[in-house]
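Remarks on the structure that follows.
The values are calculated or read from the model by the stated rules, or taken from the named source; none is laboratory data. Remember, it's a predicted structure, so these values are computed and weren't measured experimentally. So basically every Cβ, Gly included, is an ideal-geometry build from the backbone, and we count neighbours across all protein chains shown. We work out accessible area using only protein heavy atoms, side chains counted, and drop any ligands, DNA or RNA first. Shrake-Rupley method; radii C 1.70, N 1.55, O 1.52, S 1.80 Å.
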Amino acid sequence: MKNRFLLLIFLPILLLISCTVKDAEPKIDLTDGWHYALTEEDALAGKYSYLDSSKLANLDTLIPDQRGFIWLRKTFTVPEELKGQSLGIYLGRISLADETFVNGAFVGGEGACPPHEFSAWNTARFYIIPDGIIGSDENDISVKIWVDGEGSIVSNPFIGSVNSAKKAASREAFWNSKINLIFAFLMLVIGSYHLMMYLKKRTEKENLYFALINIISAFYLSVFFYGEMPAAVGTRFSFLIFQKIFSSSLPFVFPYLVTSFVLAFVHAEENRHIQRIRLLFVIVPIVILMLAPNYQVLRSMRWTQIMLLPPMLYVMFILIRAVLKKNRDARTLLVGVSPLLLAVILDLVIHNVLKVYNFPYITSIGWQLVIICLLFIMANRFVNSLKEVEDLNRNLEKKVEARTAELSDSNAKLSETNNQLVEAKKKADRDMKLAVYVQNCFFNSSLPRFKNWDIAYKFKPAAGVSGDLYDFFYEGENLQGVGLFDVSGHGIASGLVTMLAKTVIDRKFRECASLPFPNVMEEINKQIIEEKGDIENYLTGLLLRIKDNKVEFISAGHPKVFLRTAKNGKCYPVELKGGEGNGGIIGFAGGSQEFKAVGFSMQKGDSLILYTDCLNESKNLAGEEFGENRIAEAFADSGIGTAKNKMDYVLERFNKFTEGAEVKDDLTVIVLQYNS
């Protein structure tokens, strides 16, 4: 296979070398000895200047502003070996258009001159000299050439027998136009085939990109073979527009399609921002080229081809990255696209750096080799897929039997496991019910009627044991304090910590009644750390100490508490400036915690709302949190009723906001209203 691939690459080169070997037939050499004139008057008057043969490939350098006609003239005599034969002229390729005369008689021309100019730069010139116009002594051949930014005669022109001139033109036409026409036809076929494959299976996008690459390549190659189809161009189509679209713009589309093909082929993901940047490398140079007012300006914009390099380097980056990730497809593609990369680099150096414009572009040859390589790669992948399907079909019955046996064994084990899981679940349910019952016994089932305070509260565990804990401290009809805490985590472990913490908080609140309030929270924190040991759960919460209408408040990492004033119905967060009064968490042994108290007075009708983070962090169907601002707004709008009226109003707004969404956390809400 490797030898066949090498033969496929080098066979055209060997044929080209063999075809360029000079024939032994007699010829009249036209590579030098030319004279030129720049005006028709000078040409008619015979005022010609000597032309250095090196200028044949750069005739535009002789013309002011590089636009206009140039007349070339050369005298020749027919050698004895060619006398009496029908003679033909081989002039190679001429840019842009020409009219050729022998002894003043028109013998042929290619391309179109202004006002409907159209280049025939890739058409090999072969003209037959009519019988009777060749003299026995001195003759002359003159060529009128239209130049616009470029003008040249390339190859090795000569006059010889019709057969030898025709053969030379045929060889030239084959390598510069017909071979591209053949490839364009094949690319259309390949593109249509892979487009059909994509339509059959749209998940394989590499087929779509490969189809587009081939179809657009066929249009791009028309630059080289449009002279073979004269009815399709010329007076029907502007040469400038043709060059802008097919010759100048299409090359910028290929890197985008090739990159997309490579990404799909190696199954790589791409950031959207990078994709937009890739599009810019297509759009920007095309827009610049489309603004060219004439062909000379368009040719001067060759610098835009530098913008082909970043996309090509990006393709290489994708392939190399995939190769480093052991992607076998990437290694294959890396070999497949290498001829194009080499050809593009050579063209950029030769035409843009060295400015050797008469040298033929080899990017098309490199691209054709890439298409062939990619075709083999795609075909190989398709064949491998067919083999896998065939293997699956042949071994499907055996694989089904083996898989059935595995599934039967797995089902037996699963059945046994399920029985164990059912028993375990029953035991877990019993344990959970017991834990819920024990926890509920720790919380207040009812409260007395307090002398100056109206209280309402809502306690709703998300499931089973709750991580929220609340407590009311009182003596007779006098309310002494309120606590609300939230234990980290969920399940039985956090539920056990709530019961432990509730006992500690209740004991320390009463034992430390004579201490400054921050010291009370410090004692609670120390005792909880000591009693829970290595258990990782910690608490956030808040504690209130109340005497008549005086309230002391400490927050330990808990959501904001809001005070609603009866005077104006507005809500204010209870906190000191700079966030003081919102100290560290409780039960965390890793560092010292500092707790600060906030003191304030309540007026008749003033109320406080306390809550756990379920209220402010629960989300609606759009993913928005209810948030502290909505809590404050709802509490402010709750009116002048009882504490329960206010709590119910806030919860109603909360339930409407979260309607249809899952509330995943434990919910506790307490409203305290001072009624002196």
Next item on the list: Principal axes first, then extents: for the Cα atoms of segment 128-285, list largest minus smallest coordinate on each axis, whole Å, largest first.
Entry: 75, 32, 28
Margin query: Per residue of segment 312-322, what does 6.51 cos²θ - 1.76 cosθ + 1.60 with θ = phi - 60° give for ³J(HN,Hα)? Whole Hz please, x for Gly and Pro, Karplus curve as stated.
Written below: 5, 5, 5, 4, 4, 4, 4, 5, 5, 4, 5
Checklist line | Surface accessible to a 1.4 Å probe, residue 228 within the full protein complex, Å² | finding: 70
Next item on the list: List the extent of the Cα atoms of segment 450-512 along each of their three principal axes, largest first, rounded to whole Å.
Entry: 37, 26, 14
Next item on the list: Rounded to the nearest 500, what is the 222 nm mean residue ellipticity of the chain from helices alone, with -39500 (n - 2.57) per DSSP H run of 4+ residues and division by all residues?
Entry: -15500 deg cm²/dmol
Note to self: Heavy atoms only, 1.4 Å probe, whole protein assembly: order 78, 383 by accessible area, highest first.
What the structure shows: 383, 78
Check: Suppose R0 equals 30 Å; then what is the FRET efficiency for residue 39 and residue 238 from their Cβ-Cβ distance, rounded to the nearest 0.05?
Finding: 0.65
Check: Label-point separation (nm) for residue 408 and residue 622, each offset 7 Å from Cα along Cα-to-Cβ?
Finding: 5.8
Note to self: Report the Cα centroid-to-centroid distance between segment 251-327 and segment 129-182 in angstrom, as an integer.
What the structure shows: 39
Item checked: Zero-based 10 Å bins, Cα pair distances in segment 72-175, whole percents -> 16, 48, 29, 7, 0
Notebook entry, point to check: Say the cut-off is 19 Å between C-alpha atoms; which of 619/646; 526/664; 508/532; 604/646 go over it?
Noted result: 619/646; 526/664
Note to self: Based on alpha-carbon centroids, what's the gap between segment 601-676 and segment 484-562 in Å, whole number please?
What the structure shows: 22
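Can you run the Rg to Rh ratio on segment 282-348? Use alpha carbon positions and the Kirkwood inverse-distance Rh.
Working: Rg = 15.8 Å, Rh = 13.8 Å.
Taking Rh as the inverse mean 1/r over Cα pairs, Rg/Rh reads 1.14.
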Notebook entry, point to check: Under a plain spin-label model, where a point goes 7 Å from the Cα along Cα-to-Cβ, how far apart in nm are residue 105 and residue 52?
Noted result: 3.7
Check: In angstroms, what radius of gyration and Dmax does segment 211-316 have, counting Cα atoms only?
Finding: 15.4, 47
Next item on the list: For residue 325 and residue 284, compute 0.36 nm times the residue count separating them, minus their Cα-Cα distance, and round to one decimal in nm.
Entry: 11.4 nm
Notebook entry, point to check: Mean projection of the alpha-carbon convex hull of segment 168-255 over all orientations, in nm²?
Noted result: 6.7
Check: Once fully extended, how much extra length lies between residue 85 and residue 291, figured as 0.36 nm per residue of separation less the alpha-carbon to alpha-carbon distance?
Finding: 68.9 nm
Margin query: Once you place label points 7 Å from the Cα toward the Cβ at residue 519 and residue 451, how far apart are they in nm?
Written below: 2.6
Next item on the list: Name the residues whose placed amide hydrogens come within less than 5 Å of the amide hydrogen of residue 667, ignoring near sequence neighbours (fewer than 5 apart) on the same chain.
Entry: 460, 462
Checklist line | Under 10 Å, Cβ to Cβ, from residue 81 - net charge with Lys/Arg +1 and Asp/Glu -1 | finding: 0
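Using R₀ = 45 Å, calculate the FRET efficiency as 1/(1 + (r/R₀)^6) where r is the Cβ-Cβ separation of residue 353 and residue 576; round to 0.05.
0.05
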Check: Given that just one value was derived from the coordinates, which of [x] 193; [y] 274; [z] 217 is volume of the Cα convex hull per residue in Å³?
Finding: [y]
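What's the extension gain from residue 662 to residue 32 if we count 0.36 nm per residue and subtract their Cα-Cα distance?
My answer for the length gained is 217.7 nm.
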Notebook entry, point to check: In units of 2.2 N^0.38 Å, what is the alpha-carbon radius of gyration of segment 549-675?
Noted result: 1.12
Next item on the list: Can you give me the P(r) profile for segment 139-218? Cα pairs, bins 10 angstrom wide beginning at 0, each as a whole percent.
Entry: 16, 25, 22, 17, 14, 5, 1
Item checked: Computed FRET value (nearest 0.05) for residue 550 with residue 277, which takes r as the C-beta separation and R₀ as 51 Å -> 0.20
Note to self: If the reach is capped at under 12 angstrom between alpha carbons, list the aspartates and glutamates near residue 458, excluding any in the same chain fewer than eight residues apart.
What the structure shows: 468, 648, 666
